[in-house]
Amino acid sequence: MNTPDPRPSGLVTSRAHSARVYDYILGGKDHYPVDAEAGEAMRRHWPALPVHMRENRRFMHRAGRYLAEEHGVRQFLDIGTGLPTSPNLHEVVQEVAPESHVVYVDNDPIVLAHARALLRSSPEGATAYVDADMHDPDAILDSPEFRDLIDLDKPVGLMIIGIMHFILPPEDRRLVARLLEPLPSGSFLAMTIGTADFAPEEVGRVAEEYRQQSMPMALRDLATATSFFDGMDLLDPGVTQVHTWRPGPEQEGVEGRDIAMYGAVARKR
């Protein structure tokens, strides 16, 4: 009798995957030995990596809450969702406004296998998961989930968190612009962008480890990171390291040299 393979269909466990490496470094359980090996190598290169990753996710929480509380955004498109880790975006924004809609997007089979955790919406709101790649924005925008949950007559919060360093030039700007294109005026872009500005040697070694795992990275300086928001209205405090963007008590004591990510929120004109 053959034993069914418990791994999700299409899952590749012979090489590391960014979402699973992220899960391992943050102490999760949804990874494989190859991901743990890569994560350990990266932590040796830069021991601050877990702090950096936590602050990237906390930026997402603060940005989502800010858009829901201060700007009345009630629908969000989250690109590169990663493995579900509570609180997820819908838990944050539905705490402010239970009627909020969130469409999650990722293309890793293990994320898809855990997508049920992303679909536990409040009764008043709704969530959906799209199995798609940011490199194919039309597959996202044409998906039934996007069309059903997102009303393009109302502002949308486009969240691109912790993924842009895996999107290489020259495709990076085209892909962001394509995702923004159908969103109405008054929508918002919240994005984090990897940088080596504050710990160049350590972050450079982490980037090389990712490259050796077939995950090349593009790290950007402040001017390049800021240019992603050209033609939009940056909200205060502009483009900053993620831990200094509207910080809360959790950010006390976080050192700038331990953070390799810029973050910002901007309004579409």
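The values are calculated or read from the model by the stated rules, or taken from the named source; none is laboratory data. Source: prediction; values computed, not measured. With ideal geometry, Cβ positions are generated from the backbone for all residues, glycine too; neighbour counts draw on all protein chains shown. Keep in mind that these areas ignore ligands, DNA and RNA; they rest on the heavy atoms of the full protein, side chains included. Shrake-Rupley method; radii C 1.70, N 1.55, O 1.52, S 1.80 Å.
Observations on the model:
- Residues of the stretch 171-200 with amide N under 12 Å of a point placed 7 Å along Cα→Cβ from Thr244: 198
- Label-to-label distance for Arg269 and Asp133 is 3.4 nm, based on points extended 7 Å past Cα in the beta-carbon direction.
- Rg over Rh [alpha-carbon atoms, Kirkwood Rh] for the stretch 100-190: 0.95
- Across the accessible surface of the stretch 189-235, with the other protein chains kept in place and a 1.4 Å probe, carbon and sulfur atoms take up 48 percent.
- Rg over Rh, two decimals, the stretch 120-269 (C-alpha only, Kirkwood Rh): 0.99
- Our helix-only sum for the chain, with -39,500 (n - 2.57) per DSSP H run of n ≥ 4 divided by its residues, gives a mean residue ellipticity at 222 nm of -10500 deg cm²/dmol.
- Shape box of the chain [Cα atoms, principal axes, largest first, Å]: 54, 46, 37
- For the stretch 195-239, the residues whose amide N sits under 18 Å from a probe point set 7 Å from the Cα of Arg257 along the beta carbon direction are 195-206.
- Column: log10 I(q)/I(0), Debye, Cα scatterers of the stretch 39-83, q = 0.19, 0.23 Å⁻¹: -0.70, -0.85
- Rg ratio for the stretch 22-131: its Cα radius of gyration over 2.2 N^0.38 Å, N being its residue count, equals 1.15.
- The distance from the alpha carbon centre of the stretch 60-106 to that of the stretch 174-247 is 19 Å, rounded to a whole number.
- Pairwise alpha-carbon distances in the stretch 181-261 exceed 20 Å for 45% of all pairs.
- Per residue, the chain exposes 45 Å² of solvent-accessible protein surface, assessed with a 1.4 angstrom probe and all protein chains in place.
- The residues packed around Met232, meaning those with a beta-carbon under 11 Å from its beta-carbon, carry a net charge of +1 if Lys and Arg are +1 and Asp and Glu are -1.
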